[in-house]
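Below is one structure, written out as structure tokens; comments come after it.
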Amino acid sequence: MQSAELQRQVDAVIAESGGRQVAANIVDLGHGASVRLVVPGEKYVRDLATTRGPVTAPIQAVCPNKDFCAYQGTNYTGHEQRFGECYKQDLKGSGWSGSGSWYNNQSQWYMRAEMYGKAGNRVYQDDGPGSHDQNANWRPVWSIKPC
């Protein structure tokens, strides 16, 4: 049942984004971006190829070096969208309208992520690598440019 629901969620992201499935819970969006979906019934995203069971604590290290990661839930829970290249991308899938979280794990000090509203207006710029927010407001944010 979990695998059928996970596939339904993957299919929904692909239908909206035009991305392509590259693993059971990962959709590649192009330009270094991807969506990683949480296994139904679990709290945190994980790599299904290397992690056998549910992750029991939030770990920012899941966000790879040189990436900016956005999470649908607070404290790094829920589906994750990774932004790799310096390219503005919309937040994909449903569930980005409430509280969530993000982590900037980029490597260059000057790489500050910018978050934009529906009209393309900048609503927030982070402080660069290492900055994070465990309880971010996604309501005004429609897209992110990681640098």
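Observations on the structure shown:
- Qualifying position, being under 13 Å from the mean Cα position of the chain (by Cα) and over 18 Å from Arg8 (Cα atoms), among Val62, Val55, Val35: Val62
- Gly93 meets all of the listed conditions (1) within 17 Å of Leu29 (Cα to Cα); (2) touching a Phe, Trp or Tyr at 6+ places or on another chain (Cβ under 8 Å) but one, namely (2).
- Within the stretch 46-54, not a single residue is among the acidic types (Asp, Glu) and either at pLDDT 90 or above or surrounded by 15 or more Cβ atoms within 10 Å (Cβ to Cβ) (or both).
- Qualifying residue in the stretch 65-83 (condition: part of a loop (DSSP other than H, G, I, E, B), of a type in the set (A, V, I, L, M) and touching a residue at least 24 places away in the same chain (Cβ under 8 Å)): no
- The set of residues in the stretch 7-45 being over 24 Å from Ser107 (Cβ atoms), of a type in the set (A, V, I, L, M, F, W, C) and surrounded by fewer than 19 Cβ atoms within 10 Å (Cβ to Cβ) consists of Ala12, Ile14, Ala15, Ala23, Ala24.
- The residues on offer are Val22, Val38, and the sole one that is touching a Ser or Thr at 6+ places or on another chain (Cβ under 9 Å), over 23 Å from Arg112 (Cβ atoms) and without any contact (Cβ under 8 Å) to a residue 24 or more places away in the chain is Val22.
- Residues of the stretch 10-24 satisfying the condition of being among the polar types (S, T, N, Q) and at pLDDT below 95: Ser17
- Restricting the stretch 103-125 to residues that are touching a residue at least 40 places away in the same chain (Cβ under 8 Å) and surrounded by 19 or more Cβ atoms within 10 Å (Cβ to Cβ), the residue that is farthest from Pro64 (Cα to Cα): Ala113
- When Asp133 is tested against (1) among the charged types (D, E, K, R); (2) over 22 Å from Glu16 (Cβ atoms); (3) surrounded by 19 or more Cβ atoms within 10 Å (Cβ to Cβ), just one condition goes unmet, and that condition is (3).
The values are calculated or read from the model by the stated rules, or taken from the named source; none is laboratory data. These figures come from a predicted structure and were not determined experimentally. Note that each Cβ is placed from the backbone with ideal geometry, even for glycine, and that neighbours are counted across all protein chains shown.
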